[in-house]
Structure formats: C-alpha cells, structure tokens
Amino acid sequence: MEPIYVFVYGTLKKGKSRNYVFEHHRYLGTATVQGLDMYDLFSFPGVIKGSGSVAGEVYHIAPAVLTLLDRIESYPDFYTRDLVDAHLEDGSVVKTWVYILKDTWYAREHKKIVGEPAVWNR
C-alpha cells in the first residue's frame, strides 16, 4: 500500500486542539503548499485554491486516520480533499492530502490571512 500523507494548517497542527489525532503517527515536518489562499473562519482556518501559499505540517498516517479526519473536517460536505505537493523544509516534496473549503463563500465573507506563506497561529 502507498503511504498516506496529510498536510494540516490549523487546529490539527502541533500544540493545537486536534493534534491528538496524530499521537501515534509520524511527523515529517513543516511544509509549504503553493496555490492556496487561507482565510480566518474565527476558531479555525480554511483554504481555497488561489495564488498564494500556506504553511503547515505533514504527517504520515494510517488509512483509518484519514477516515477520522474526513469526519472531523466534515468531508465532503464542508471541505473537499485534494492531493497537492507539499514542500518540506529539507527540500523534499511529498504528495499529500489537504482539506479545501468546498464553498468559496467563506473566502468572500471572511478575512484573508496574508503572508507568504500564510500562517494560522491561534
């Protein structure tokens, strides 16, 4: 079976409320994904496809964790899931899943997080 990687940028990051999900999974490091714009949805962030870049973390996970993440992220109703290239700090690139807001309405109604890359730190 091919390895499963996920790129996280909000409440699933280290030190945040939902990072417990990755307790027994391998942390690959911090990374950046191009082609995404980030928005502050108050208690969590969301991303849509765009012209910016987003900073986050990459984890190597088991298939059961991807299923759990789908529930946490309300996939496919609130977020969709896309495979993207995550550029790790060591220069390597991994193909990872990332959760993207399904409805771009959120981008019109919420504040864009600026920065290259955009970082969510609440």
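Hey, could you check the stretch 39-63 for residues that are in a loop (DSSP other than H, G, I, E, B) and not small (Gly, Ala, Ser) and say which is surrounded by the fewest Cβ atoms within 10 Å (Cβ to Cβ)? The residue in question is Phe42. For the stretch 66-75, filtered to residues that are surrounded by fewer than 18 Cβ atoms within 10 Å (Cβ to Cβ) and hydrophobic (A, V, I, L, M, F, W, C), the residue that is nearest to Val98 (Cα to Cα) is Leu66.
Scan the stretch 12-24 for residues that are surrounded by 16 or more Cβ atoms within 10 Å (Cβ to Cβ) and either over 15 Å from His60 (Cβ atoms) or of a type in the set (Phe, Trp, Tyr) (or both) and the total you get is 3.
Count, please, the residues in the stretch 48-78 that happen to be under 24 Å from Arg26 (Cα atoms) and either of a type in the set (D, E, K, R) or out of contact with any Ser or Thr (no Cβ under 6 Å at 6 or more places or on another chain) (or both). Walk me through how you get there before you give the answer.
To start, the set of residues in the stretch 48-78 that are under 24 Å from Arg26 (Cα atoms) comprises 53-75.
Those left that are additionally either of a type in the set (D, E, K, R) or out of contact with any Ser or Thr (no Cβ under 6 Å at 6 or more places or on another chain) (or both): 54, 56-57, 59-75.
Summing the residues that are under 24 Å from Arg26 (Cα atoms) and either of a type in the set (D, E, K, R) or out of contact with any Ser or Thr (no Cβ under 6 Å at 6 or more places or on another chain) (or both) in the stretch 48-78 gives 20.
Find all pairs meeting these conditions: Cβ atoms under 7 angstrom apart; at least six residues apart or on different chains; first residue within the stretch 81-110 and polar (S, T, N, Q); second residue surrounded by 12 or more Cβ atoms within 10 Å (Cβ to Cβ). Cβ pairs passing all conditions: Thr96/Tyr5; Thr96/Val6; Thr96/Phe7; Thr96/Val58; Thr96/Val84; Thr96/Ala86; Thr104/Ile48.
Here, each number is a calculation from the coordinates, and none is a lab measurement. Predicted, not measured: the structure shown is a model, and the values here were computed from it. Note that each Cβ is placed from the backbone with ideal geometry, even for glycine, and that neighbours are counted across all protein chains shown.
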